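The values are calculated or read from the model by the stated rules, or taken from the named source; none is laboratory data. Remember, it's a predicted structure, so these values are computed and weren't measured experimentally. Virtual Cβ from ideal backbone geometry, glycine too; neighbours counted across all protein chains shown.
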Amino acid sequence: MKIRKFYLCVLAYVFPCTHSYAISLEEAVLAANTFNPEMSAARNQHDADQQKRNQGFAGLLPDISLNGSWSQTDQPNASYAAGVTRHNASVDLNQSLFDMSKFAAWKKGDAIAEQADVQLLQAQQKLIKDTVISYFQVIHRRALLNNKRQIVQLYQQKLNQAKAQLGMGDATRLDVADAQASLDKAQADIVNAQSDLDDAATVFYGQSGRSADEIEGSTLSCIPGKVPGTKAQLLSTVLNHNLDIRNAWFSVRQSEADVLSATGGHLPVVRLQAGYGTNWSRAEDSNALDELFGTTSKTRNTSISLNVSIPLFSGGNALSQSIEAAKRHSQSKDLLALAQLRATQDLNTALNARSSGMTRLAASSRLVDSTKARLDSTRYGKEIGMRTLIDELDALNEYAAALNEKSDAQFSLIQAQTELDSTLGELSLSSLHNYQCTSR
């Protein structure tokens with residue numbers, strides 16, 4: 001299974017995100033990539049796990065070492081070898097010819113390195129998803145606040161109008177009290193909306209390190225296009241590219257390597273050993289006895305050997321390890337099946353959320369138009385004496401609720417689209433243009 005890698009850190013240097021102009025969604029993601037400590041930790045974890053491949057392969061290569069020693073002994077009053085200095089140096093080579101555990105370690109290290117690539121992609125996708133949500137949450141909360149401010153202005157106009165009509169005898173104190181109560185409630189709603197916006201701005205700053213005030217010119221009006229493909233095609237894409245499934249797949253590969261390693265505990269190990277060295281000894285004040293018995297000597301030696309180790313009995317340890325490895329392999333396959341099941345469920349949930357979101361958005365858009373028309377007709381009815389101020393305030397409340405409902409529907413649709421792209425494994429920097437709309 002090939003891994004499609006992309007590294008946001010490279011793009012962050014190509015497109016620096018340190019300016020104070022209005023920040024786009026892509027720039028917010030790049031800023032989050034360099035600012036977010038969780039992403040930095042994921043990159044370090046990835047780089048560390050990549051070394052497992054090198055470590056596993058190193059176990060298949062020969063071990064070559066240079067060894068040397070120096071020693072001096074002294075035997076006073078001895079007839080020979082009274083003081084002897086010895087030197088030796090050697091180059092030794094150890095090479096495994098057949099060792100299943102080393103081969104398994106290489107296979108497992110390779111699987112760990114491949115899994116590290118997937119986990120880095122998971123961290124990048126989570127970073128993009130969280131940044132997209134926090135970015136549009138600021139826009140959503142800002143839209144709600146603007147809606148409430150617009151309604152407050154209308155309520156203020158109605159209150160002023162009611163007071164003026166009261167002075168002329170065309171309105172009652174009850175009308176003024178109702179208008180004042182509606183205005184007070186709308187002003188209280190503004191306080192709550194401002195608090196929600198501040199919370200969203202805090203989340204966005206914690207995600208990207210950028211101020212929410214830099215988000216300008218973007219709207220919630222982006223409507224995703226048609227789903228790319230049939231449900232069967234989308235399911236195939238999920239099974240091939242969903243990152244949770246790919247992560248579980250490499251866990252299966254690691255468990256297969258563990259089974260191979262445990263099997264190696266029952267097999268012989270064959271090693272080749274070779275060496276070349278020199279030994280030199282010199283006796284202080286040497287005499288004929290030193291020459292005779294070799295106290296003073298200099299030799300060179302070459303050695304080569306083939307060692308075979310066959311396991312016979314280890315108290316049942318090897319058998320226990322084999323059973324454990326087999327069970328863990330079965331567990332990893334079950335977890336892979338679970339990841340596939342959950343990804344399929346997530347796909348269905350995301351598609352349903354997207355479909356219902358489109359329907360909700362269309363309905364809320366019609367609701368805004370109808371409540372606006374009702375407000376206009378109620379105002380006209382009040383002018384000709386067929387509607388009261390209470391009727392107009394009720395119509396205004398319905399219009400305000402419709403505006404908020406449309407903003408909620410737009411934000412929910414964006415959330416559903418990010419869930420779908422994440423499930424398909426296609427949420428990347430290149431896909432962000434689908435979410436970015438600018439106000440005209």
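Among (1) buried (at least 22 other Cβ atoms within 10 Å of the Cβ); (2) at pLDDT 90 or above, where does A113 come up short?
The number of the failed condition is (1).
Residues checked against (1) under 20 Å from C222 (Cα atoms); (2) part of a helix (DSSP H, G or I); (3) touching a residue at least 12 places away in the same chain (Cβ under 8 Å):
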| position | (1), (2), (3) |
| --- | --- |
| D391 | no, yes, yes |
| L396 | no, yes, yes |
| A400 | no, yes, yes |
| L403 | yes, yes, yes |
| K406 | yes, yes, yes |
| L413 | yes, yes, yes |
| L420 | yes, yes, yes |
| E426 | yes, no, yes |
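Would you confirm whether any residue within segment 80-94 is modelled with pLDDT under 90, outside any strand (DSSP E or B), surrounded by 13 or more Cβ atoms within 10 Å (Cβ to Cβ) and hydrophobic (A, V, I, L, M, F, W, C)? Please lay out each step first, then the result.
Initially, segment 80-94 is screened for residues modelled with pLDDT under 90, giving 80-88.
Still in the list and also outside any strand (DSSP E or B): 80-82.
Those left that are additionally surrounded by 13 or more Cβ atoms within 10 Å (Cβ to Cβ): 80-82.
Now restrict to residues that are hydrophobic (A, V, I, L, M, F, W, C): 81-82.
Yes; the residues of segment 80-94 include at least one that is modelled with pLDDT under 90, outside any strand (DSSP E or B), surrounded by 13 or more Cβ atoms within 10 Å (Cβ to Cβ) and hydrophobic (A, V, I, L, M, F, W, C).
Would you please name the residue that is surrounded by the fewest Cβ atoms within 10 Å (Cβ to Cβ), looking only at residues in segment 256-277 that are hydroxyl-bearing (S, T, Y) and in a helix (DSSP H, G or I)?
First, the residues of segment 256-277 that are hydroxyl-bearing (S, T, Y): 261, 263, 276.
Filter once more, so that each one left must be in a helix (DSSP H, G or I): 261, 263.
Numbers: S261: 20, T263: 17.
Out of the qualifying residues, it is T263.
Going by the conditions given, is V368 outside any helix (DSSP H, G or I), modelled with pLDDT of 90 or more and over 31 Å from the mean Cα position of the chain (by Cα)? Explain how you work it out, then say what you get.
Values: outside any helix (DSSP H, G or I): no; modelled with pLDDT of 90 or more: yes; over 31 Å from the mean Cα position of the chain (by Cα): yes.
The answer is no for V368.
Considering only residues that are surrounded by 14 or more Cβ atoms within 10 Å (Cβ to Cβ) and either within 51 Å of the chain's Cα centre (by Cα) or farther than 25 Å from A193 by Cβ (or both), which ones fall in segment 151-160?
I151, V152, L154, Y155, Q156
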